[in-house]
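Read the structure below first, then the notes.
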Amino acid sequence: MENNERNNKQISSPVIKPAAKNASLAAFTDSSPATNVAASNATVATKVDKTTEMATTKSAAAPSNGSVGAKAYEMAKAQREISIAEFFEKNRHLLGFDNKRKALLTTIKEAVDNSLDACEEADILPEIIVEVTEMGMDRFKVVVEDNGPGIVKKQIPRIFAKLLYGSKFHKLKMQRGQQGIGISAAVMYSQLTTGKATKIMSKIHPSEPAHCFDLKINTQKNEPEILSETEKDWHKDNGTRVEMELEATYIKGNQSVDEYLKQTAIINPHVTIIYQPPKGEQIMLVRATDQKPKQAQEIKPHPYGVELGMLIKMLGNTTAKSIKQFLMQDFSRVGDKTAEEILENSAILSNTKPHDVSRDKAEKLMEGIKKTKIMMPPTDCIVPIGAELLEKGIKKEVNAEFYAAISRTPDVYRGNPFLVEAAIAYGGDIPKEGSMTIMRFANRVPLLYQQGACAIIEGVSETNWKQYGLQQSGSNLPQGPVVLVVHIASVWVPFTSEAKEAIAHYPEMIKEIKLAVQEVGRELSRYLNKKRRVGDEMKKRSYIELYMPHISEAIKDILKLTDVQKKELEVQLSALLEKTRGKLEDMDFDPDKNEEYDEDLASIGREDEDDEYDDDAGGDYEDKKERASSGKKTKGKEELKESAEKAEKKAKKKKESEDDE
């Protein structure tokens, strides 16, 4: 009786002490179910009363107007979620739309890259049409059309008018697109600068109609806005057409749309590109081969490339019943024995359920992975261009006297497979003055901007080019008539920004870049040493040949030879000289030797009498000046000379102005 009264008092008390709480629990256990329910309800009521009392107290203690606390409440009212589309709308420079010239290139680049990826995934030889039409007032209409597999009706609005939407982000295989931002960012830029909708037309089968959409992006929600939706007949069996109007500037040069399409055709020899620039005639870049590139295979993450947070996330999302099965099922290169070794090094039982693994156990699992020797990831997820095709590509663009190319074996950074390929051209028509010209590519896509921020440039600059016969000052780029091509292929290229213009400085990548560059550098060194030896030998022979007539004349006088015998003697002396000194190889540059050089292709983006020297163009002026002074019979020679003279005058005027200042 006393216990029950004490228990009732404890239940009605506003504060439950630990001892009283234990006593009340004992009373609940001993009493009937009805008593337990009543007591439980009383406890809940007490907690509600207490919560109400605390809220009232808090409300009473709310800061008055004008105090610091009141300002905090006022600031809290203004805080809200930011849409990803709104963020990039204000920070479009992060996506490559920081100036009008670059905006035109980025728009076409994103559309063409998507077309190439779609065609290759569907095993179709790509045929891409690019049209750029000047509308006046710094506005251009851009049309990109392909013969790809098309897009199903339901997905069209989301693919083109929703940022961070796509099929490539979660795939670990070599592909051009990665983030699901590019083409939708171009649509957003078009909408932002012109207020007009983007027109999309896509067809997936000859028996089905083409689906047409006029789209905009609701940037507050990051969702597509469909302004119109129709069906129409299209002459193509399948494909996609994108048409948009945007604010832009068209200028030829090393960072132009023309240069991008030219380099794309060189590095993708299986593609045909039909390009109609704003000025001039249509340009056809016909495929060099009908052989389709090998399909890259998707792989699972490698244990060495997974960080703790990602591992915990994978443990929570896996369908595996045990942690051993999880390791074998969700990672590449982990078999039965490797999984057992990892768990043994981690001191975790193999039958542990993945969902029961705590953060501490996950950290032990990470340590176990580091202690275990695991095979490198499979490399069928990467499709290299190959040394032969890479050399052919550079031969089309550059008419030089020496070429070399290399394709390295795959390596790994953060568990992601990658490989580096490099090609070099020396001498010939390449300008002798100025720094080495570098052409950068990532997953078969040209990188035309942010050269100084790229790991490729760091790897090239840190290489000691003096030992390969080139002049170099410190860690700067070497000087001389050299063109270097570097291509990085990976399942996940670590770009420095969403604009995909430069590659991040991972030590593993810089090391491989340097090794690839050193290999082609050694080939160049062997060629230059050989050329130097031949030059020295020719010099020595010239001294001997200088005295051969005098020697034959002296022998004629001594032996009383006739003039005919003297001539025979000179021939014999020449033959003896070649026999003893060896036959010399002709090392002089022959402009007609490179049969693959395409003069029209090389001139794309460079011949424009209205173009003027631009610091950003990276060498257009030197290129024009060299071509004009060489006197080569090229298309538009007179126009090219005139353009070079204009550029030279402008550069001179600029220098005089700087001197005056």
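The values are calculated or read from the model by the stated rules, or taken from the named source; none is laboratory data. What you are looking at is a predicted structure, and each value in this text was computed from that prediction instead of being measured. So basically every Cβ, Gly included, is an ideal-geometry build from the backbone, and we count neighbours across all protein chains shown. Surface accessibility is based on the protein's heavy atoms, side chains included, excluding ligands, DNA and RNA. Shrake-Rupley method; radii C 1.70, N 1.55, O 1.52, S 1.80 Å.
In the set Glu537, Glu553, Glu501, Glu512, only one residue is open to solvent by 50 Å² or more (accessible area, probe 1.4 Å) and among the charged types (D, E, K, R); that residue is Glu553. Six or more apart or on different chains, Cβ atoms under 6 Å: show the pairs whose first residue is in segment 172-199 and more than 15 Å from Thr106 (Cβ to Cβ) and whose second is aromatic (Phe, Trp, Tyr). Pairs found: Gly180/Tyr165; Gly180/Phe169.
Quick check on this structure: which one of Gln297, Gln329 is in contact with a Cys (Cβ under 8 Å, 6 or more places away or on another chain) and over 30 Å from Val257 (Cα atoms)? Only one candidate passes the filter, namely Gln297. Might you check whether a residue that is in the same structural domain as Val143 (by TED's automatic domain parsing), among the small types (Gly, Ala, Ser) and not in a strand (DSSP E or B) occurs anywhere in segment 202-211? Yes, there is a match, as at least one residue in segment 202-211 is in the same structural domain as Val143 (by TED's automatic domain parsing), among the small types (Gly, Ala, Ser) and not in a strand (DSSP E or B). In segment 485-498, what residues are open to solvent by 50 Å² or more (accessible area, probe 1.4 Å) and among the hydrophobic types (A, V, I, L, M, F, W, C)? Answer for segment 485-498, where residues must be open to solvent by 50 Å² or more (accessible area, probe 1.4 Å) and among the hydrophobic types (A, V, I, L, M, F, W, C): just Trp492. Please work out if Asp380 is out of contact with any Asp or Glu (no Cβ under 9 Å at 6 or more places or on another chain), surrounded by fewer than 20 Cβ atoms within 10 Å (Cβ to Cβ) and assigned to a helix (DSSP H, G or I). For Asp380, the condition - out of contact with any Asp or Glu (no Cβ under 9 Å at 6 or more places or on another chain), surrounded by fewer than 20 Cβ atoms within 10 Å (Cβ to Cβ) and assigned to a helix (DSSP H, G or I) - is not met. Among the residues of segment 524-558, those that are aliphatic (A, V, I, L, M) and either touching a helix residue (DSSP H, G or I) at 6+ places or on another chain (Cβ under 8 Å) or farther than 22 Å from Leu573 by Cα (or both) comprise Leu524, Leu528, Ile544, Met548, Ile551, Ile555.
If you go through segment 437-468 and pick out every residue that is of a type in the set (D, E, K, R) and within 24 Å of Leu261 (Cβ to Cβ), you end up with 2.
Counting only residues that are in contact with a Gly (Cβ under 8 Å, 6 or more places away or on another chain), of a type in the set (Ser, Thr, Tyr) and open to solvent by less than 10 Å² (accessible area, probe 1.4 Å), segment 236-272 holds 1 of them. Output the residues belonging to segment 285-317 that are within 15 Å of His170 (Cα to Cα) and more than 29 Å from the chain's Cα centre (by Cα). If the condition is that a residue be within 15 Å of His170 (Cα to Cα) and more than 29 Å from the chain's Cα centre (by Cα), then Asn317 is the only one that fits. Close Cβ contacts (under 6 Å, 6 or more residues apart or on different chains) running from residues in segment 372-393 that are closer than 30 Å to Val334 by Cβ to residues that are in a loop (DSSP other than H, G, I, E, B) and among the polar types (S, T, N, Q) comprise Pro377/Ser332; Asp380/Gln297; Cys381/Gln297. On the stretch given as segment 280-313, residues that are acidic (Asp, Glu) and in the same structural domain as Lys252 (by TED's automatic domain parsing) total 1.
When Gly180 is tested against (1) closer than 14 Å to Ala118 by Cα; (2) surrounded by 23 or more Cβ atoms within 10 Å (Cβ to Cβ); (3) out of contact with any strand residue (DSSP E or B) (no Cβ under 7 Å at 6 or more places or on another chain), only condition (2) is not met.
Yes/no matrix, rows are residues, columns are (1) more than 29 Å from Lys221 (Cβ to Cβ); (2) out of contact with any helix residue (DSSP H, G or I) (no Cβ under 9 Å at 6 or more places or on another chain); (3) free of Cβ contacts under 8 Å to residues at least 24 places away in the same chain:
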position: Val144; (1), (2), (3): no, no, no
position: Asn147; (1), (2), (3): yes, no, no
position: Pro157; (1), (2), (3): no, yes, no
position: Lys162; (1), (2), (3): no, no, no
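Counted as qualifying within segment 390-470 are the strands (runs of 3 or more DSSP E) with 2 or more residues that are more than 24 Å from the chain's Cα centre (by Cα), namely 402-407.
Go through segment 425-444 and report how many residues are open to solvent by less than 30 Å² (accessible area, probe 1.4 Å) and in contact with a helix residue (DSSP H, G or I) (Cβ under 6 Å, 6 or more places away or on another chain). The number of residues fulfilling the criteria is 4. The requirement of being at pLDDT below 85 and of a type outside the set (Lys, Arg) is fulfilled nowhere in segment 589-598; no residue meets it.
Being within 23 Å of Lys292 (Cβ to Cβ) and of a type in the set (Lys, Arg) is true for just one of Lys168, Lys196. Which residue is that? Please lay out each step first, then the result.
Details: Lys196 fails: within 23 Å of Lys292 (Cβ to Cβ).
Result: Lys168 is the single residue among Lys168, Lys196 that is within 23 Å of Lys292 (Cβ to Cβ) and of a type in the set (Lys, Arg).
The condition (being among the hydrophobic types (A, V, I, L, M, F, W, C), farther than 16 Å from Leu365 by Cα and either open to solvent by 60 Å² or more (accessible area, probe 1.4 Å) or part of a loop (DSSP other than H, G, I, E, B) (or both)) is satisfied by just one residue among Met328, Met284: Met284. Among the residues that make up segment 108-129, is at least one of them crowded, with 18+ Cβ neighbours inside 10 Å, more than 21 Å from the chain's Cα centre (by Cα), in contact (Cβ under 8 Å) with a residue 12 or more places away in the chain and closer than 20 Å to Gly280 by Cβ? Yes, because at least one residue in segment 108-129 is crowded, with 18+ Cβ neighbours inside 10 Å, more than 21 Å from the chain's Cα centre (by Cα), in contact (Cβ under 8 Å) with a residue 12 or more places away in the chain and closer than 20 Å to Gly280 by Cβ.
Name the single residue that is nearest to Gly386 (Cα to Cα) among those in segment 240-278 being among the polar types (S, T, N, Q), in contact with a helix residue (DSSP H, G or I) (Cβ under 9 Å, 6 or more places away or on another chain) and part of a strand (DSSP E or B). Step by step, filter segment 240-278, then rank; the result is Thr272. Going by what's in this entry, would Glu537 be described as farther than 16 Å from Leu447 by Cα and modelled with pLDDT under 85? So Glu537 fits the description; yes.
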